[in-house]
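Just so you know, all these numbers are worked out from the coordinates, no wet-lab data involved. If you're wondering where the values come from, they're calculated on a predicted model, not measured in any experiment. Every residue, glycine as well, gets a Cβ built from its backbone with ideal geometry; the counts of neighbours run over all protein chains shown.
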Amino acid sequence: MTQVKQADSIASLKEVSAALAKLNSADMVRLAQFARLRAMGISSADWEDLLHEAIQRALSGSRKWPKKITILAFLLGTIRSVASEFRRKKPAWRHRTCSQRLAK
């Protein structure tokens, strides 16, 4: 019975797609502003990367949308998570020694 309740509480890919299509311009502005804020200090991505990655994860199903929150709140949380993930990743050049970097 728990699995049935859990399945009902997660939006299907079709529901995610429909909810994304219903976002209005004010919602998109809010998402863009939040992504700009979260992109500060990330050299490997810009705000559009964060927003697109959040939408892609929602549409692919790799990030599940709990129906108990709005699609907007879900996407804001996903943007926050993606930004955090990008911050944790260090560029490959940081792993080389100074002499290795100068040799190139």
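Tell me, what ³J(HN,Hα) does each residue in the stretch 74-80 have, in order and in whole Hz, if you take phi through Karplus 6.51 cos²θ - 1.76 cosθ + 1.60 with θ = phi - 60° and put x for Gly and Pro?
Here the 3J(HN,Hα) series is 4, 5, 4, x, 5, 4, 4 Hz.
Once amide H atoms are placed 1.01 Å from N in the peptide plane, what residues at a sequence separation of 5 or more from W65, or on another chain, have their amide H within under 5 Å of its amide H?
Distant-sequence amide H within range of W65: A11.
Testing the spin-label approximation: label points 7 Å from Cα along Cα→Cβ at E48 and A18. State their distance in nm.
3.1 nm
Sum up the charges of everything whose Cβ sits under 15 Å from the Cβ of K14, counting Lys and Arg as +1 and Asp and Glu as -1, but leave K14 out.
That sum, taken over residues with Cβ under 15 Å, equals +1.
On full extension of the chain, what length is gained from S25 through K89, given 0.36 nm per residue of separation minus the C-alpha to C-alpha distance?
Once the chain is fully extended between S25 and K89, it gains 19.9 nm.
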